[in-house]
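Below: one structure, written as structure tokens.
Values in this text are rule-based calculations from the coordinates and carry no lab data. Computed from a predicted structure; not experimentally measured. Note that we place each Cβ from the backbone using ideal geometry, even for glycine, and neighbour counts take in every protein chain shown.
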Amino acid sequence: MTTPAAVIVDGAAYAQAVEDAVRAAAAYYGGGTSPLDDDAYDRLVRGIADWEAEHPGRILPDSPTGKVAGGAAVGDVPHTVPMLSLDNVFSAEEFTAWTASLARRTGRDATRFSVGPKLDGLAIAARYSGGRLRQLITRGDGTAGEDVSHAIGTIEGLPEKLDEPVTVEVRGEVLMTSAQFEHANEVRTGHGGQPFANPRNAAAGTLRARERVYTVPMTFFGYGLLPLPGTDSALAERMNGMAHSDLMALAAELGVHTSARTAVPDTVAETPDEVLVRVKEIAALRAELPFGIDGIVVKADLAADREAAGSGSRAPRWAIAYKLPAVEKITRLLDVEWNVGRTGIIAPRGVLEPVVIDGSTITYATLHNPADITRRDLRLGDHVMVHRAGDVIPRIEAPVAHLRTGEERPVDFPAQCPRCGSDIDTGEERWRCAQGRNCHLVASLAYAAGRDQLDIEGLGATRVVQLVEAGLVADLADLFTLRRDQLLALERMGETSTDNLLAAIAEAKRQPLSRVLCALGVRGTGRSMSRRIARYFATMDHVRAADADAMQQVDGIGAEKAPSIVAELAELAPLIDRLAAVGVNMTEPGATPPPPADAASDGDDRTTVPAAGGPLDGMTVVVTGAMTGSLEKLSRNEMNELVERADGRSSSSVSRKTTLVVAGEGAGSKRAKAEQLGVRLATPDEFAAMVAGLLG
Ligand code: IVH
């Protein structure tokens, strides 16, 4: 989808537009925060180009059109071969038109395309001589760039020594992965600086900064390899004749990081249709990647095709960027709401001026916790960069501080719980109502009764409100002592619904320990963690007897989480006692308790659940898409329970560690990723056959 160009009505508006674009480009390439997001910048430049086409005699010299980097960057180190930009297409039709124009230029249809991610960072050239990294240069205006060799040693994937003593130039993109970006902002705000708005900005600012007291790592992805004047002539000749894909394989062999070792490696496609299939696959994986991409780059792979196509002053004709919709937009933070969750956590949520990102209107974005608001110095009325990719919850990246007008107001933090007025426990980063899970009793009970926990049919939020308001239920255990006459006295509770509800509550007492634990709502333990705890300890008594060390034996519980789980279970002790007293099951079927602690110190350092040997023993399984056949009625949670009963480990994301992906109807990006990584796939029927013994 192409967004419309800005409409420029007269010469004055044109001059203003050029000025705005120049300022934005300077910030974009220079490491500042651009006052325009990428979409707005693209629209502006297209508007400028439209106006210039109508008024060719009035083009201003500063105009960003036709210039690499919008004419923003300067530098004094000449490039041996120009470092060009890329032309864009925004749809399959535009892409097909580009392949046709390529064929016209070369006089033949291209038969090999290299297709890979368009990494959202900054272009640099890395000069190696005799295998040693000597100089780093930014793209600059394409003919000369800035020397940023001071950054050598801070860029992962760009080795200081190649595996062969060759003289070559590696070109590629420097960026920050999501983890590097988080780290960079923590370090920067820790030094009293403003956080960077996004990873791209952070990389630009970091690359150019010379005298920082701290260093933060970045990552390099090579996408080009060329000879330098000092290159051995045989090698230079060989390189000049090599397909792009072979050059990239050579770069990887020399020790340079390329897309090859990511979930979206560059691949070779033989027809435009195959390219479009690959474009879709990469687009589907975008939201899950640990680094930002803003499109897909398609290149004629063969040296002869590239040579025949040639280059313009701004971009080569043998490559094109297939742009993906922007996932970041600038909008305003209007308000901050404080909501109390079922465990009593008081979480801030940003209310935004509505903004459309990739087709959805976004009005709210998560703000994590109060400390995070302070750290990022967010103020009401601020322009903020909002990021939303795939189905991930939108988040506010950072304020665009230089767009402040002085009218912005500080965010008000609540002094009392906004729900019940109790004090707030501010001891941890996430604030919590002093009443804990009793503050939002309705939410915590409705959660406990939910399908994936105690599965009490007929006990939805409305019914819970009724029970709480009638004073019949003050905590989870009270549910199990409800009497028939009490329920019958409620409005809209006839005999049938009363009996059904009582039967469902009685049935719920037989749920496995994993679901009882989950229903308690211990912070940091959702469904899958509750299952792991239950399978490891087998009984509630063993869970409660565990200290932080013992708790850490459970897969996925680290030194940070263990003490808080132990403390919260202690807090819940009276409730757990009452649940046990009313007959709620406190054991996990099929699991065996761990040996006593002193046995463990005799060398038994068991770290896996004891009841191994099931059909999925040792396997990590991801379920995706709609289940069919004998598994049709199972929820995702029930599928995960099944995986774990079969001694497998359930997971929600596909990685190299995944052993099996059960892909039902409509499976999308996870299936694509499994295919990409060569992970074994199974249909629901094939999977049902694998675990047949466990299907009742
Ligand atoms: S090839 C001569 N491949 O996108 C063309 N560029 O918008 C060289 N980029 O200047 C570029 N990922 O900084 C190429 N896989 C990739 C890329 C890529 C990101 C950047 C590069 C380029 C810019 C154009």
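In order along the stretch 542-555, the Karplus-derived 3J(HN,Hα) couplings, from 6.51 cos²θ - 1.76 cosθ + 1.60 at θ = phi - 60°, round to 5, 4, 6, 7, 6, 8, 4, 5, 5, 4, 5, 6, 6, 3 Hz, and Gly and Pro are given as x.
Mean sequence separation of contacting Cα pairs (under 8 Å, at least six apart), scaled by the length of the stretch 516-598, corresponds to a relative contact order of 41 percent. In order along the stretch 217-231, phi translates into HN-Hα couplings of x, 10, 10, 10, 10, x, 9, x, 9, 9, x, 10, x, x, 5 Hz, rounded to whole numbers, per the Karplus curve 6.51 cos²θ - 1.76 cosθ + 1.60 with θ = phi - 60° and x for Gly and Pro.
From the Kirkwood radius over Cα pairs of the stretch 396-510, Stokes-Einstein at 37 °C and 0.692 mPa s returns a whole-number translational diffusion coefficient of 192 µm²/s.
Taking amide H as placed 1.01 Å from N in the peptide plane, R134 has its amide H under 5 Å from the amide H of R127, Y128, S129, each at least 5 places away in sequence or on another chain. Backbone amide hydrogens, once placed in the peptide plane, bring L380 within less than 5 Å of R409, V411, excluding anything fewer than 5 places away on its chain.
What residue among S129, A534, P348 has its Cα farthest toward the positive end of the dipole of the chain, where the charges are +1 on Lys, Arg and -1 on Asp, Glu, each on the Cβ? Positive-most Cα among the choices belongs to S129. Remark: the E54-A506 segment gains 154.9 nm on full extension, using 0.36 nm per residue and subtracting the alpha carbon distance. Over the chain, Cα pairs under 8 Å with separation of 6+ residues give a relative contact order of 9 percent.
Ordering of 210-216, 12-18 by packing is 12-18, 210-216, highest average first (other Cβ atoms within 10 Å, averaged per residue). Sort the stretch 19-62 into rounded, prolate or oblate with this rule: let a ≥ b ≥ c be the square roots of the eigenvalues of the Cα gyration tensor; rounded if a/c is under 1.5, and if a/c is not under 1.5, prolate when a/b is larger than b/c, oblate otherwise. In terms of gyration-tensor shape, oblate. Karplus-based coupling profile of the stretch 472-489, in residue order and whole Hz: 7, 10, 10, 7, 4, 5, 4, 4, 7, 10, 4, 9, 4, 5, 5, 5, 4, 6, with θ = phi - 60° in 6.51 cos²θ - 1.76 cosθ + 1.60 and x standing for Gly or Pro.
For the pair A287 and V9, label points projected 7 Å from Cα toward Cβ lie 4.0 nm apart.
Compared with the rule-of-thumb size 2.2 N^0.38 Å for a compact globular protein, the stretch 74-157 has a Cα radius of gyration ratio of 1.43. Rounded to the nearest 20 debye, the dipole size of the chain about its Cα centre is 260 debye, using +1 on the Cβ of Lys and Arg and -1 on the Cβ of Asp and Glu. Gain on full extension, evaluated as 0.36 nm per residue between V468 and Y214 minus their Cα-Cα distance, stands at 86.0 nm. Secondary structure note: in the stretch 307-434, about 95% of the DSSP beta bridges are antiparallel. In this structure, A689 and R132 have a Cβ-Cβ separation that, at R0 = 41 Å, corresponds to a calculated FRET efficiency of about 0.10. Of the peptides 100-109, 384-393, 416-425, 524-533, the ranking by mean beta-carbon count within 10 Å, highest at the top, reads 524-533, 384-393, 416-425, 100-109.
Decide, for the stretch 100-238, between rounded, prolate and oblate: order the square roots of the alpha carbon gyration tensor eigenvalues as a ≥ b ≥ c, take rounded if a/c falls under 1.5, and otherwise choose prolate if a/b is larger than b/c, else oblate.
Details: a/c = 2.50, a/b = 1.51, b/c = 1.65.
Oblate, since a/c reaches 1.5 and b/c is not below a/b.
Per-residue ellipticity at 222 nm, computed for the chain from helices alone with -39500 (n - 2.57) per DSSP H run of at least four residues, works out to -10000 deg cm²/dmol. A straight chain from E182 to Y364 at 0.36 nm per residue would run longer than the Cα-Cα distance by 63.4 nm.
Take the Cα of R105, step 7 Å toward its Cβ, do the same at S91, and the gap between the two points is 2.3 nm. Net charge in the neighbourhood of N198 (other residues with Cβ under 12 Å of its Cβ; Lys, Arg +1, Asp, Glu -1) is -4.
For the stretch 288-431, the relative contact order is 20 percent, taking Cα pairs closer than 8 Å that sit 6 or more residues apart in sequence and dividing their mean separation by the residue count.
By DSSP, the beta bridges lying fully in the chain are antiparallel in about 80 percent of cases. Between amide H atoms placed 1.01 Å from N, distances below 5 Å from G344 occur with H440, all of them 5 or more places distant or on a separate chain. For the residue pairs K299/K670; K118/K657; K280/K561; K161/K657; K161/K280; K323/K633, the alpha carbons lie more than 28 Å apart in K280/K561; K161/K657; K161/K280; K323/K633. From the alpha carbon centroid of the stretch 178-242 to that of the stretch 373-395 is 25 Å. Toward the positive end of the charge dipole of the chain, with +1 on the Cβ of Lys and Arg and -1 on the Cβ of Asp and Glu, the farthest Cα among A27, L378, W431 is that of A27. For the chain, a/c is not less than 1.5, where a ≥ b ≥ c are the root eigenvalues of the C-alpha gyration tensor, and a/b tops b/c. That puts it in the prolate class. Against the empirical curve 2.2 N^0.38 Å, the C-alpha radius of gyration of the stretch 1-106 lands at a ratio of 1.19.
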